[in-house]
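What follows is one structure encoded as C-alpha cells, with my remarks underneath.
The values are calculated or read from the model by the stated rules, or taken from the named source; none is laboratory data. Quick caveat, the model's predicted, so the values are computed rather than measured. All Cβ positions, glycine included, derive from the backbone under ideal geometry; neighbour counts span all protein chains shown.
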Amino acid sequence: MSNEFSLGEVQVSLSPQERFEEYLQSRGKRITKPRRALVDHIFRRHDHFDVEELIENLSEDGLEKIGRATVYRTLEELVKAGLLRKMELKGRAIYEHDYGYPQHDHLHCQICSQLIEFHSQELAAIRDAVSREHNFRATGHRFTITGVCFECSRKRHRQQSPHDLI
C-alpha cells in the first residue's frame, strides 16, 4: 500500500495496562489477575478479533481459565475506557486497538471478511469541511468501504481449467 495511506504512530504517556488500571480505579473497580492477563494478551499484538477468536487464542496461550463472562465484561470495560473500538460486521462484534493507535478507516472484504486498515488525508479533509459547513465539532469518524479484496476477486475471476472438472 502506498505511504500516502500509511497509519503512522501515536505517542501515549501510559501503557494500555496503566491506562486500564487508571480507568478502573476512577470507577471504584479493581484490576484482577484475569483482567490484567487479558489486557496483556490483547495488546501484545495488533489484529482485529471477535470474542470467539480471543477465547481460542487465550487457550493457545495457556489462559483458558479465564471465564467467558470475564472476557465479555472486560471487553466492554476496555471499550468504555477507550482502549478498544468495537465494530459490527456481518452481525458479529469485531474489536481493534483504539488507544495509542491513529485514526484510520477500513476496507472490508465481503467474501473472506478481511479488514484492511488505511488512513487518508482526503477523507479527514472532507470530514472537517462538512463539519465546518454544519457548525459541528467532529471528534472522530468511522468509515468502512465494503467490497471484494484482490485475492477473492482473483479467485472469482480465474479461468476454469480442465482440472477443475475432475
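Every condition in (1) under 16 Å from the mean Cα position of the chain (by Cα); (2) surrounded by fewer than 18 Cβ atoms within 10 Å (Cβ to Cβ); (3) closer than 16 Å to Arg35 by Cα holds for Gly100 except the one numbered (3).
Yes or no, residue by residue, for (1) of a type in the set (Val, Ile, Thr); (2) over 17 Å from Val39 (Cβ atoms); (3) assigned by TED's automatic domain parsing to the domain that holds Leu38; (4) under 15 Å from the mean Cα position of the chain (by Cα):
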{"position": "Leu63", "(1), (2), (3), (4)": "no, no, yes, no"}
{"position": "Lys86", "(1), (2), (3), (4)": "no, no, yes, yes"}
{"position": "Ile111", "(1), (2), (3), (4)": "yes, yes, no, no"}
{"position": "Gln114", "(1), (2), (3), (4)": "no, yes, no, yes"}
{"position": "Ala125", "(1), (2), (3), (4)": "no, yes, no, no"}
{"position": "Ala129", "(1), (2), (3), (4)": "no, yes, no, no"}
{"position": "Arg137", "(1), (2), (3), (4)": "no, yes, no, no"}
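Taking the criterion of being in a loop (DSSP other than H, G, I, E, B), surrounded by 12 or more Cβ atoms within 10 Å (Cβ to Cβ) and not charged (D, E, K, R), the residues of region 47-84 that qualify are His48, Leu63, Ile66, Ala81, Gly82, Leu83. All conditions in (1) over 19 Å from the mean Cα position of the chain (by Cα); (2) within 30 Å of Ala124 (Cα to Cα); (3) surrounded by fewer than 17 Cβ atoms within 10 Å (Cβ to Cβ) hold for Arg27, with the sole exception of (2). Listed by first and then second residue, the pairs linking a residue in region 71-98 that is polar (S, T, N, Q) to a residue that is at pLDDT 90 or above and part of a helix (DSSP H, G or I), with Cβ atoms under 7 Å apart and 6 or more places separating them unless they lie on different chains, are Thr74/Arg35; Thr74/Leu38. The residue of region 125-150 that is farthest from Glu53 (Cα to Cα), among those that are at pLDDT below 90 and either surrounded by 11 or more Cβ atoms within 10 Å (Cβ to Cβ) or in contact with a helix residue (DSSP H, G or I) (Cβ under 6 Å, 6 or more places away or on another chain) (or both), is His141.
Is region 41-51 home to any residue that is touching a Lys or Arg at 6+ places or on another chain (Cβ under 6 Å) and touching a residue at least 12 places away in the same chain (Cβ under 8 Å)? The answer is yes, given that some residue of region 41-51 is touching a Lys or Arg at 6+ places or on another chain (Cβ under 6 Å) and touching a residue at least 12 places away in the same chain (Cβ under 8 Å). Looking at Lys33, is it at pLDDT 95 or above and either of a type in the set (A, V, I, L, M) or under 29 Å from Ser13 (Cα atoms) (or both)? Against the criterion (at pLDDT 95 or above and either of a type in the set (A, V, I, L, M) or under 29 Å from Ser13 (Cα atoms) (or both)), Lys33 does not qualify.
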